[in-house]
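Encoded as structure tokens, the structure appears first; notes follow it.
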Amino acid sequence: MSFDLVLFGGTGDLCWRKLMPALFQAFKHGTLPAGARIIGVGRDDLSDERYREQIGARFDQVELNKRPCGDEFERFARLLEFVSMDLSKPEHYAYLGNKLAQRQADTVVMYLATAPTLFTTIVEQLAAAGLNTARTRVVLEKPLGHDLASNRAINHSVSQVFSEKQVFRIDHYLGKPAVQNLFALRFGNALFEPLWRREHIANIQITIAEQLGVEKRGAFYETTGALRDMVQNHALQLLCAIGMEPPINSHADAIRDEKLKVLRSLKPWSSETLAQDVIRGQYAAGVMAGLPVPAYRDEVGVNPLSQTETFVALRTEISNWRWAGVPFYIRTGKRLAGRDARIVVNFRPTPHAIFNSQIGMANRLVINLQPKDGLELHLLAQAQDNRQNSHNLTPVQLDLDFDKRFGAERVGAYERLLLDVMDGRLNLFVRSDEQEEAWRWVEPILTHWHNDSQGPRLYAAGSWGPSATSAMIARDGFCWAEES
Ligand code: BG6
């Protein structure tokens, strides 16, 4: 199959950090179609050769086991070309069109990894140049807009040019192996489903903690913040995967219909819950791995008086028969104590205790997304050497380490999603109505913050965020998994 991938934002951060390494992995795994061509688009005036060199140099910064060996990069680089474009100029799209017409590939993918403010211009120009043919697919990177209105405007302009089945809205968390395994765990096994409800589950905690700061993206982050960057998309998609009803089949729309229902069932915000159940923080200077790191306000491109949040923790509920009353906690932030993404499902304790165990000790299922992916099932057992008092229970763990079980060379999130785009599989992509619903739900938080003079709470880089986060969960009588 011949295949052209046009990467708008071809010299940008996402391209070299995530997309090129993922494409390289697909190349190495032999899953990139033999006739693939990757065309980077950017403003710079670069020859193909210079572009290849620039991309090659960036590979020094990707994870060690993902770097090319021997002549691997040279062979991959032959697929790379570069087109310099001013995205507002029709003649530049005509030039791109000529280049694409030279080979009439079976599938053309337009990957929009630019600022979302350019999406409308790009799709309109593509249409004007006749580049929205039936063999074209378009990939839209998050964030898709900065609020509901801008999201709708983008979705509307895209829908004028492409049909929904041609549109692949990326949320790379859906491509993570642990998230696909969550679907498998829930809908491929009969074991958990009967327990997956309010009668048996006390609370669910979704944590996406990063150690990195904003790096070189200060200017972008200033207008985005953690709520738009992580909660509106990644965290809510994880919440959907945990909370959704079993879909009627594995088709994209069956899955997306169920996720949409979860988003529609999220408890609406009130002034009381906005004040109590949402915490925003911003990292102050601190020490990480023994080295001092600057405060967010001292990062390049950041306003020294910035009120942008680099941390969000919130409590919500899914108001339906399955989940009513079960708190779902979401927590995400930059410059936290660890790189740790996981979902913790805390089951209720046994209704009547005949053994001695610490108060509140109960079963727990942990779905680890990062740094390693796997599952842990926490059970209570009787220790072998516990002769003194045979009624004492102690916590033990069943561990499933996916790297050990399936090998560490598994398909990463971006690689998985890029392969799905090539195959036209939409299961792991977000539909426009899901995205709009997620924006609808986060918007009251944005408005509340806008009108709230208090600003974000500062937390030391290297900590777990503002202490109010623990107080919020303690109000329900619970604590974060790492505190128990
Ligand atoms: C991106 C955010 O969507 O996800 C980044 O824009 C964040 O700010 C990144 O660092 C985290 O992704 P991962 O896969 O490294 O957890």
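The values are calculated or read from the model by the stated rules, or taken from the named source; none is laboratory data. Quick caveat: nothing in here was measured; it's all calculated off a predicted structure. Every residue, glycine among them, receives a Cβ derived from its backbone with ideal geometry; neighbour counts consider all protein chains shown.
Here is how the numbers come out for the structure above:
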{"quantity": "Flag for LEU32 being over 16 Å from GLU415 (Cα atoms), touching a Leu at 6+ places or on another chain (Cβ under 9 Å) and part of a loop (DSSP other than H, G, I, E, B)", "calculated": "no"}
{"quantity": "Test: GLY218 is within 22 Å of PRO466 (Cβ to Cβ), of a type in the set (Gly, Ala, Ser), within 16 Å of the ligand (Cβ to nearest atom) and at pLDDT below 95", "calculated": "yes"}
{"quantity": "Those helices (runs of 4 or more DSSP H) lying entirely in segment 61-176 with at least 2 residues at pLDDT below 95", "calculated": "72-77"}
{"quantity": "Subset tally (residues that are among the hydroxyl-bearing types (Ser, Thr, Tyr) and at pLDDT below 95) for segment 205-215", "calculated": "0"}
{"quantity": "Pairs where the first residue, in segment 231-258, is without any contact (Cβ under 8 Å) to a residue 12 or more places away in the chain and the second is assigned to a helix (DSSP H, G or I), C-beta under 6 Å, 6+ apart", "calculated": "ILE248/ALA254"}
{"quantity": "Residue count, segment 331-354 (criterion: over 16 Å from TYR459 (Cβ atoms), assigned to a strand (DSSP E or B), away from the ligand (no atom under 11 Å from the Cβ) and not β-branched (Val, Ile, Thr))", "calculated": "3"}
{"quantity": "ARG457 being farther than 28 Å from VAL262 by Cα and at pLDDT 95 or above", "calculated": "yes"}
{"quantity": "Candidate set from segment 2-21 (those that are part of a helix (DSSP H, G or I) and out of contact with any His (no Cβ under 9 Å at 6 or more places or on another chain)); member that is surrounded by the most Cβ atoms within 10 Å (Cβ to Cβ)", "calculated": "LEU19"}
{"quantity": "Single residue of GLU210, GLU193 found to be acidic (Asp, Glu) and in contact with a Pro (Cβ under 8 Å, 6 or more places away or on another chain)", "calculated": "GLU193"}
{"quantity": "When residues of segment 126-141 are limited to those that are crowded, with 21+ Cβ neighbours inside 10 Å and under 30 Å from GLY225 (Cα atoms), the one nearest to the ligand (Cβ to nearest atom)", "calculated": "GLU141"}
{"quantity": "Verdict on ARG186 being away from the ligand (no atom under 12 Å from the Cβ), in contact with a Phe, Trp or Tyr (Cβ under 7 Å, 6 or more places away or on another chain) and part of a loop (DSSP other than H, G, I, E, B)", "calculated": "no"}
{"quantity": "So ILE208, is it within 16 Å of the ligand (Cβ to nearest atom), crowded, with 20+ Cβ neighbours inside 10 Å and assigned to a strand (DSSP E or B)", "calculated": "yes"}
{"quantity": "Residues of segment 162-180 that turn out to be touching a residue at least 12 places away in the same chain (Cβ under 8 Å) and either away from the ligand (no atom under 16 Å from the Cβ) or under 30 Å from THR133 (Cβ atoms) (or both), as a count", "calculated": "12"}
{"quantity": "Boolean, ALA113 is over 30 Å from ARG475 (Cα atoms) and without any contact (Cβ under 8 Å) to a residue 24 or more places away in the chain", "calculated": "no"}
{"quantity": "Counted residues, segment 158-179 - those being within 19 Å of MET244 (Cα to Cα) and surrounded by fewer than 21 Cβ atoms within 10 Å (Cβ to Cβ)", "calculated": "1"}
